[in-house]
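For reference, the structure discussed in these notes is given below.
Only the coordinates and a few stated rules stand behind these numbers; no lab work does. Predicted, not measured: the structure shown is a model, and the values here were computed from it. Please note: Cβ atoms are built from the backbone with ideal geometry, for glycine as well, and neighbour counts cover all protein chains shown.
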Amino acid sequence: MADLDQNTVTDAVIAQMASTTDPRLREVMESLVRHLHGFAREVKLTPTEWLAAIGFLTRVGQNCTPIRQEFILLSDTLGLSRLVNLMDDSANRVGDATETSLLGPFYREASPQYGYGESIAAHAKGPEMMLFGRVLNEAGEGVPDAIVEVWQTDADGAYDLQTNDPGVMDMRGQFRTDADGRYAIRTLIPLGYSIPMDGPVGELVRQQGRHGFRPAHIHMLIGAEGYRELVTALYLGDDAHIDSDTVFGVSESLIVRPQPGLDGSPAPELPSVRYDFRIARRAPHDTSARVGADPSKVAAQ
């Protein structure tokens, strides 16, 4: 057995993992070890700093609960969630399909079903707006019977999981497009909000001198038979934090501005947004683009 030094230990670890039978696992772990060891050498990581990092990650895990995912929050604030999202979008988005955005931690399965133009505000109160438009395919044709899921904060900047019993759903719902691909959703004007700052991730954000705020936005998940699922969000352009989203989720093409008296609005008396979503046909190799909450669970930060 040869003595190891700070450079040869990396190759020794990789050699010991060479028998990994899953080729993708072997590829990912080899790269992880090389980059992790390289990082430690680059910053000259000390034992005290290493222990502090272990303690930080331990606290992150201890803050995870069935309704709070602190590790997703950490990934979001480091831009890793957005990076994974951007890489997936670059590899799989077709033509003029709508840009994707983060699923976020507040998605919930089996949200209430509503009809055209109905309100998703079952309990919350506040200034209303109308969101309407069409779901289109690559040829610009309406996609009938597409499912449009929506979820957002209320007018105070809180999701239902933060204000209600977990069994209560509010400010979220499912709509089906009509024969021409049209949808219409009555909702409240969302408010931007701070990520939770009471845990280890919030402490890190404060130490970095960051504000921790997300601009006001409305999450959308759109699917139809034979089409690739679209995970995206619309961001209100007049929000003070539109240019400094703490989880880096904003894209220019997803910025909207509600306007009163908008032509075609089912409720022209309300500030309205018209947005047409474009979805692409599903390819055989498509995988989930849901970067955020585990869709099989109720997860929140």
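Per-structure values
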{"read-out": "The range 70-278, Cα convex hull volume normalised per residue, Å³", "value": "120"}
{"read-out": "Difference of contour (0.36 nm per residue) and Cα-Cα distance, His211 to Ala139", "value": "21.7 nm"}
{"read-out": "3J(HN,Hα) from dihedral phi, the range 112-117, Karplus parametrisation 6.51/-1.76/1.60, rounded to Hz, x for glycine, proline", "value": "x, 9, 10, x, 3, x"}
{"read-out": "Cα-projected label distance for Arg176 with Thr8, points at 7 Å along beta-carbon direction, nm", "value": "6.9"}
{"read-out": "Value of Rg/Rh across the range 1-49 [Cα atoms, Kirkwood radius]", "value": "1.03"}
{"read-out": "Net lengthening on full extension, Leu204/Val33 (0.36 nm per residue, minus Cα-Cα)", "value": "59.1 nm"}
{"read-out": "C-alpha long axis of helix 23-43 to longest principal axis of the chain, angle in °", "value": "70"}
{"read-out": "For the range 1-109: rounded, prolate or oblate by the Cα gyration tensor [a/c cutoff 1.5]", "value": "oblate"}
{"read-out": "Gain upon complete extension [Trp50, Phe71; 0.36 nm per residue less C-alpha separation]", "value": "5.7 nm"}
